1. Yes or no: residue 363 of a type in the set (Asp, Glu), farther than 23 Å from residue 224 by Cβ and assigned by TED's automatic domain parsing to the domain that holds residue 240?
2. Please specify each residue of the stretch 226-235 satisfying the condition of being more than 20 Å from residue 283 (Cβ to Cβ) and at pLDDT below 95.
3. What number of residues within the stretch 288-307 satisfy the criterion of being at pLDDT 95 or above and not hydrophobic (A, V, I, L, M, F, W, C)?
4. If you check residue 138 against the conditions, is it assigned to a helix (DSSP H, G or I) and outside the structural domain of residue 339 (by TED's automatic domain parsing)?
5. Scan the stretch 350-374 for residues that are of a type in the set (Val, Ile, Thr) and surrounded by 11 or more Cβ atoms within 10 Å (Cβ to Cβ) and jot them down.
6. Find the residue count for the stretch 156-198, including only residues that are on the phi < 0 side of the Ramachandran plot, free of Cβ contacts under 8 Å to residues at least 24 places away in the same chain and not in a helix (DSSP H, G or I).
7. How about the stretch 204-308: which strands (runs of 3 or more DSSP E) wholly inside it have at least 2 residues that are of a type in the set (Ser, Thr, Tyr) and loosely packed, with under 14 Cβ neighbours inside 10 Å?
Amino acid sequence: MIRRLSLLLMAMAFVLPQIAISSQKAVFESAKVCGECHGDIYNNWKKSLHALSYTNPIFTNAYRKAYTDTAGKAKEYCLNCHAPTVVVTGDYGANLPITAEGVTCDFCHTITKIHLNGGNSTFVNKPGKTKISVLKNADSKHHKTKYSADFASSKLCAGCHDFKNRHNVHVGVTYSEWKKSSFAKEGKHCQSCHMPEVSGKTANEGGRNKIHDHSLSHNVESMKDAVTVRTLKTTNDGKRLKTKIKITNAKAGHSIPTGTPARLLILEVRTIDEKGNTIEKKKRTYSKVIVTKDNREVREDGEVFLYGRRIAADNRLQAGESRIENFLFTSNLGKVKKIIAKTYFMYRPLVTTEVEMKISISETEQKVDKTPLR
């Protein structure tokens, strides 16, 4: 569930990254082929947001709506990042198995260049027998290998995680947020947190005994204490209870929440009685607000990319930022025994579920009389 909620739907813009290729005759290998020699990496990748980028229900529902609203043009925009091989294969109808693999192994490992263009980037791919990675002096019997410094750089992520929509609104800003952070100054790239080394063999035969986490470390454990809260001071004079809370973006190298405006961070503070019941509850919401031409707020992922015209507000916590928030309570103060403050993410994507519909059509009834047995 966390992986789905953590799925970045950041590829729905009309001016998303474009992908170039030097030879239209080359084709991408399926991830299953890669898995024949790189089993641990393949099994690790299968759990990732990249592997699910095209098939997860959050994206498919947003994509259907965008496709309808744009009379089919969305296929040329959304799939650039959610199924990026289509730019090379031309499979915008998703008829090839490789398309459903989303951000598949061979797409990333054939990127030869990345051109950053102030919000939207261009990948240059060269599918073939040469596979590119961060490893130096890697030997393989089955393909050539080549080192690229970009594979250890946040630049690799910027291609899909920093972009503007068709109205030039900077919707996805994760890479730009990182560039302004202390993480960038210290040389900590996206891969430092999202692709740390974990147990596993780089190749079934030989290779190293550590692999980079291709699941991208999007799980509950990695999110734990990313935002911290601490109660600094509380006073209660019987008429008003005041409490001061410190909230900090403690671990992320980007703003929290990052990605699309559909994601919210909530700070919730409650007064509690001696039985553990909530007496009063207050909230603060941290988010980016994007509005349409007529100033209507849009949070649904597809609408943000299609209709967002400007950023009306943005109070998200930047990397390393702390804030002091004051809360006032007035209800049943004589019964208050403690205060609880907590943070959580809120996300309300449109997800289709199967339901059973039972509609009565007709009915007949016949009385049955008892008759002697013969």
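1. Values: of a type in the set (Asp, Glu): yes; farther than 23 Å from residue 224 by Cβ: yes; assigned by TED's automatic domain parsing to the domain that holds residue 240: no.
Answer is no for this residue.
2. If the condition is that a residue be more than 20 Å from residue 283 (Cβ to Cβ) and at pLDDT below 95, then no residue fits.
3. Our first condition is that a residue be at pLDDT 95 or above; within the stretch 288-307, this holds for 288-297.
Those left that are additionally not hydrophobic (A, V, I, L, M, F, W, C): 288, 292-297.
Matching residues across the stretch 288-307 total 7.
4. no
5. Across the stretch 350-374, the qualifying residue is only 351.
6. 4
7. 227-236, 278-286
Yes/no matrix, rows are residues, columns are (1) under 30 Å from residue 243 (Cα atoms); (2) of a type outside the set (Val, Ile, Thr); (3) at pLDDT 95 or above:
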{"site": "330", "(1), (2), (3)": "yes, no, yes"}
{"site": "341", "(1), (2), (3)": "yes, yes, yes"}
{"site": "352", "(1), (2), (3)": "no, no, no"}
{"site": "359", "(1), (2), (3)": "no, no, no"}
{"site": "362", "(1), (2), (3)": "no, yes, no"}
{"site": "365", "(1), (2), (3)": "no, yes, no"}
{"site": "370", "(1), (2), (3)": "no, yes, no"}
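The values are calculated or read from the model by the stated rules, or taken from the named source; none is laboratory data. Here the structure is a predicted model, which means the values were calculated and not measured. Quick reminder, even Gly has a Cβ in these numbers, built from the backbone with ideal geometry, and neighbours come from all protein chains shown.
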